[in-house]
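The structure appears right after this line, and notes come after that.
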Amino acid sequence: MNRIIALFLIIAAVCGMLVGCGCQREGEVSVFYYTYSDTYISGVRSSMDKILSERGIPYHNYDANSVQSTQTEQIDTAIAKGSTMLIVNLVDTGSDDAARTIVEKARAANLPLIFFNRSVSEEIVNSYDRCVFVGTDYEMAGRMQGELIGNYLVENYANADINGDGKISYCLFKGQQGNAESEARTKYSVEVANEILRRAGKPPLVFYDSQNTNGYLVDQDGNWSNAAANNYMKTILSAYSERGGNMIELVIANNDEMALGAIAALAEAGYNKSGARVIPVFGVDATAAAREKIDSGVMTGTVKQDADGMAAAIVQVLENVMGGKYLLEGIATENVIGDWRINVPYSAYTRTEGEG
């Protein structure tokens with residue numbers, strides 16, 4: 001609490017004449033996205049652009065196109081241009097190095113810094129008293145997805161067991177190796193589903209490829225992409241089929257874009273389309289395209305990561321800073337972790353939820 005009080009007092013002092021004189025909108029807010037091509041991030045960007053424009057806050061967006069060195073250079077450019085705040089969707093989350101470098105740049109320029117969406121460690125955020133993180137409880141996403149999967153299978157086990165061997169064979173598209181959200185979703189989606197199956201007297205899920213001891217497939221480009229999952233799924237379906245008695249019976253994806261890529265490949269093979277057998281596919285994000293697939297019955301479920309809610313939380317913090325207010329004013333206390341992090345809550349989305 002003392003750190004936050006010190007933070008907003010420093011900001012108010014630095015802003016000086018800007019606070020309370022009608023001039024607080026001067027100066028550009030700089031928003032750095034890891035890539036524009038990520039569907040969920042595009043939703044955050046669209047929502048944040050709208051809010052910032054409506055409130056008369058000048059801003060400039062930067063697209064790193066998944067290259068950390070590009071993002072770091074963009075931050076240097078923004079600081080040189082006289083940016084008043086840095087809002088960063090970090091590219092490289094595999095270590096603390098990139099985040100630490102950005103913190104040092106913000107500190108040197110005495111600029112407030114908001115990291116969002118892609119995880120930054122508590123140690124790094126707390127190392128600078130003008131820094132905060134806006135994200136999600138990534139373990140919750142994995143656990144919620146696992147609950148959706150486990151409950152679905154308990155209710156539909158006979159239909160889901162296409163191979164008739166008393167077990168459910170699955171594939172899992174991980175997304176980015178080393179990313180905290182990806183790691184947690186991979187771990188808990190399967191663990192929680194297996195616990196629900198165990199309580200129902202059912203055997204645990206079985207990864208389709210016994211030679212793959214990891215139990216997942218990674219987007220090697222780190223983009224959580226539709227194309228990566230689509231390519232993987234096509235390769236899988238060329239060797240695993242109903243005819244061969246080894247068909248994939250469940251698809252778990254760490255985000256909706258990968259889920260949609262898998263569905264497209266399944267549709268090419270005659271599944272997951274109108275009038276055809278549906279292989280259950282679960283994702284995360286609840287993008288518009290995924291909700292449409294769920295509502296039409298060709299995708300089974302997803303976990304909503306609220307793009308509008310994330311944008312609103314970021315802008316709330318931004319306006320608190322600009323107004324010299326308590327940094328977390330207006331944020332629901334149940335979504336605040338210590339004095340360094342805001343978690344935007346998740347919710348489940350299934351066909352029943354969508355129709356309701």
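For segment 207-247, which residues satisfy the criterion of being of a type outside the set (Gly, Ala, Ser) and either within 25 Å of residue 304 (Cβ to Cβ) or touching a His at 6+ places or on another chain (Cβ under 7 Å) (or both)?
Hits for segment 207-247 are 216, 217, 218, 219, 223, 224, 226, 230, 232, 233.
Pick out, from segment 1-87, the helices (runs of 4 or more DSSP H) lying fully within it that include 3 or more residues that are modelled with pLDDT under 95 and of a type in the set (A, V, I, L, M).
Filter on segment 1-87 gives 2-15.
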Of the listed residues (214, 156, 151, 194), the one being in a loop (DSSP other than H, G, I, E, B) and either more than 24 Å from the chain's Cα centre (by Cα) or at pLDDT 95 or above (or both) is 214
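From the residues in segment 284-299 that are in a loop (DSSP other than H, G, I, E, B) and free of Cβ contacts under 8 Å to residues at least 40 places away in the same chain, which one is nearest to residue 171 (Cα to Cα)?
298
Among the residues that make up segment 304-322, is at least one of them assigned to a strand (DSSP E or B) and either within 21 Å of residue 46 (Cβ to Cβ) or in the same structural domain as residue 149 (by TED's automatic domain parsing) (or both)? First the steps, then the outcome.
Start the filter on segment 304-322 by keeping residues that are assigned to a strand (DSSP E or B), which leaves 304-305.
Remaining after also requiring either within 21 Å of residue 46 (Cβ to Cβ) or in the same structural domain as residue 149 (by TED's automatic domain parsing) (or both): 304-305.
Within segment 304-322, one or more residues are assigned to a strand (DSSP E or B) and either within 21 Å of residue 46 (Cβ to Cβ) or in the same structural domain as residue 149 (by TED's automatic domain parsing) (or both).
Working carefully through the options 145, 176, find the one that is at pLDDT below 95, touching a Ser or Thr at 6+ places or on another chain (Cβ under 6 Å) and outside the structural domain of residue 314 (by TED's automatic domain parsing). Talk me through it step by step, then tell me what you get.
Working: 145 fails: at pLDDT below 95.
Step by step, each of 145, 176 is checked, and only 176 is at pLDDT below 95, touching a Ser or Thr at 6+ places or on another chain (Cβ under 6 Å) and outside the structural domain of residue 314 (by TED's automatic domain parsing).
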Exercise for the section: Look at residue 108 and say whether it is surrounded by 21 or more Cβ atoms within 10 Å (Cβ to Cβ) and in a helix (DSSP H, G or I). Expected result: no
Q: Would you mind stating whether residue 253 is in contact with a Leu (Cβ under 8 Å, 6 or more places away or on another chain), surrounded by 23 or more Cβ atoms within 10 Å (Cβ to Cβ) and aliphatic (A, V, I, L, M)?
A: yes
Log entry, pairs with first residue in segment 153-172 being assigned by TED's automatic domain parsing to the domain that holds residue 202 and surrounded by 20 or more Cβ atoms within 10 Å (Cβ to Cβ), second being assigned to a strand (DSSP E or B) and of a type outside the set (A, V, I, L, M), beta carbons closer than 8 Å, six or more apart or on different chains, reads 169/207; 170/207; 171/207; 172/207
Looking across segment 42-70 at residues that are free of Cβ contacts under 8 Å to residues at least 24 places away in the same chain and of a type in the set (Asp, Glu), the single one that is surrounded by the fewest Cβ atoms within 10 Å (Cβ to Cβ) is 54
Taking segment 330-342 and keeping only residues that are out of contact with any Phe, Trp or Tyr (no Cβ under 9 Å at 6 or more places or on another chain) and not β-branched (Val, Ile, Thr), one is left with 330, 332, 334, 335, 338, 339
Restricting attention to segment 159-186, the residues that are out of contact with any helix residue (DSSP H, G or I) (no Cβ under 9 Å at 6 or more places or on another chain) and in a helix (DSSP H, G or I) number exactly 1
Of those in segment 185-241 that are touching a Ser or Thr at 6+ places or on another chain (Cβ under 9 Å) and farther than 23 Å from residue 166 by Cα, the residue surrounded by the fewest Cβ atoms within 10 Å (Cβ to Cβ) is 221
Selection from segment 262-278 of residues on the phi < 0 side of the Ramachandran plot and either buried (at least 24 other Cβ atoms within 10 Å of the Cβ) or more than 24 Å from the chain's Cα centre (by Cα) (or both) yields 262, 263, 266, 267, 268, 269, 271, 273, 274, 276, 277, 278
Selection from segment 233-257 of residues in contact (Cβ under 8 Å) with a residue 60 or more places away in the chain, in a helix (DSSP H, G or I) and under 24 Å from residue 159 (Cα atoms) yields 233, 236, 256
Residue 128 vs (1) part of a helix (DSSP H, G or I); (2) touching an Asp or Glu at 6+ places or on another chain (Cβ under 9 Å): all pass except (1)
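The values are calculated or read from the model by the stated rules, or taken from the named source; none is laboratory data. Keep in mind that what you see is a predicted model, and the values were worked out from it rather than measured. Methodologically, a virtual Cβ is constructed for each residue, glycine included, from the backbone with ideal geometry; neighbour enumeration extends over all protein chains shown.
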